[in-house]
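**Q** The structure's right below; bear with me while I get my questions together.
The values are calculated or read from the model by the stated rules, or taken from the named source; none is laboratory data. As the structure is a computational prediction, the values presented were derived from the model and not from experiment. Here the Cβ positions follow ideal geometry from the backbone for every residue, glycine too, while neighbour counts run over all protein chains shown. These area figures cover heavy atoms from the full protein model, side chains too; ligands, DNA and RNA do not enter into them. Shrake-Rupley method; radii C 1.70, N 1.55, O 1.52, S 1.80 Å.
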Amino acid sequence: MKTIVILISGRGSNMEALIAARDAGQLPVYIAAVISNRPDAKGLVTAEKAGIATRCLDHKAYADRAAFDAALADCIDVFAPDLVVLAGFMRILTPGFVRQYEGCLLNIHPSLLPAFPGLDTHQRALAEGVRIHGCTVHFVTAELDHGPVIIQAAVPVHADDDETRLAARVLAQEHLIYPQAVRWFVEERICLEDGRVRLSGELHGDDRLVAPALH
Ligand code: GAR
């Protein structure tokens, strides 16, 4: 069974979705640790309650990004993961760190990348008046919120939406597509060809390339 380490910064609801998928027998992984860069991350408590090892590396205690990323890599490597999963980990990573985990570092982002990288994605989607919004799981590259796309889910933007309602609609899809992307990875069904993701094998009934949540 593959080993994963999950990195969080806050609430940890995507981490919870991964734990729930594992517990439901839908995600054959060993979750070796949950690591946060914020001591007050609520997700740390959730992970502890689930019996998962937790670590906190407060980024404020390090002189610069490189020093923090080196300590983070040391902390991760103790658990020898096959895959590192960024689940609301709100830190810009140094190119050196990204290179070290190239091909085994995933991120989830609350927009249909390459639209709206960075922060405040829901607010920006509303301000642009887009009709379709969503979320993306991708391999991490040195460019922020950028990299080969594994799966995306689309949701409609309603005329009377506010940021909270739209964020909730997107988050529900995040909780579906992240466990699925991690499952594909640990089943070794994902390969990179010319910087794009190719999914091998049959699509099963519950495999969805795009979540059809357009209601
Ligand atoms: C999620 O919406 C995730 O997509 C986003 O942070 C939230 C974390 O929520 N990540 C990013 O914006 C990364 N650029 P969670 O802690 O409840 O999973």
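**Q** Could you give the nm distance between label points at residue 144 and residue 165, where each point is 7 Å from its Cα heading toward the beta carbon?
**A** Computed distance between label sites residue 144 and residue 165 equals 3.0 nm.
**Q** Find the percent of Cα-Cα distances in segment 71-121 that exceed 19 Å, and round it to a whole number. Write out the running numbers ahead of the final one.
**A** Numbers: 387 of 1275 pairs.
Result for the distance tail: 30 percent.
**Q** Would you check the accessible area of residue 144, probe 1.4 Å, heavy atoms only, in square angstrom rounded to 10?
**A** That residue has around 90 Å² of solvent-accessible surface.
**Q** Right, something else. Given Cα pairs under 8 Å that are at least 6 residues apart, what percent is the relative contact order of segment 1-75? Mind showing how you got there, number by number?
**A** Numbers: 107 pairs, mean separation 22.7, N = 75.
Normalised by residue count, the contact order of segment 1-75 is 30 percent.
**Q** Quick one: dipole size for the chain, taken about the Cα centre, charges +1 on Lys/Arg Cβ and -1 on Asp/Glu Cβ, in debye to the nearest 20. Mind dumping the intermediate values first?
**A** On the way: 20 positive and 27 negative charges, 44 e Å.
Charge dipole, the chain, about its Cα centre: 220 debye, nearest 20.
**Q** Go from 0 up to the bin containing the longest alpha carbon distance in segment 107-152, width 10 Å each, and give me the % of pairs per bin.
**A** Taking all Cα pairs of segment 107-152, the binned fractions are 31, 53, 15 percent.
**Q** To the nearest 0.05, how large is the calculated FRET efficiency for residue 26 and residue 66 if R₀ is 45 Å and r is the Cβ-Cβ distance?
**A** 0.75
**Q** Reported to two decimal places, what Rg/Rh ratio describes the chain when computed on Cα atoms with Rh from the Kirkwood expression?
**A** Values: Rg = 16.7 Å, Rh = 17.6 Å.
The Rg/Rh ratio comes out at 0.95.
**Q** Still on this structure, I have one more. Placing +1 on the Cβ of each Lys and Arg and -1 on the Cβ of each Asp and Glu in segment 1-75, which of 39, 57, 27 has its Cα farthest towards the positive end of the resulting dipole?
**A** Selected residue: 27.
**Q** Cα extents of segment 36-143 along the three principal axes, largest first, in whole Å?
**A** If we take the Cα atoms of segment 36-143, the spans are 45, 32, 29 Å.
**Q** Hey, how many Å between the Cα centroid of segment 8-22 and the Cα centroid of segment 43-91?
**A** Segment 8-22 and segment 43-91 have Cα centres spaced 14 Å from each other.
**Q** With every protein chain left in place, what is the accessible area of residue 30 in Å² (1.4 Å probe, nearest 10)?
**A** 130
**Q** Ok, one more. Label point 7 Å out from residue 3 along Cα-to-Cβ: which residues of segment 185-200 have amide N under 19 Å?
**A** Residues passing the 19 Å test: 185-188.
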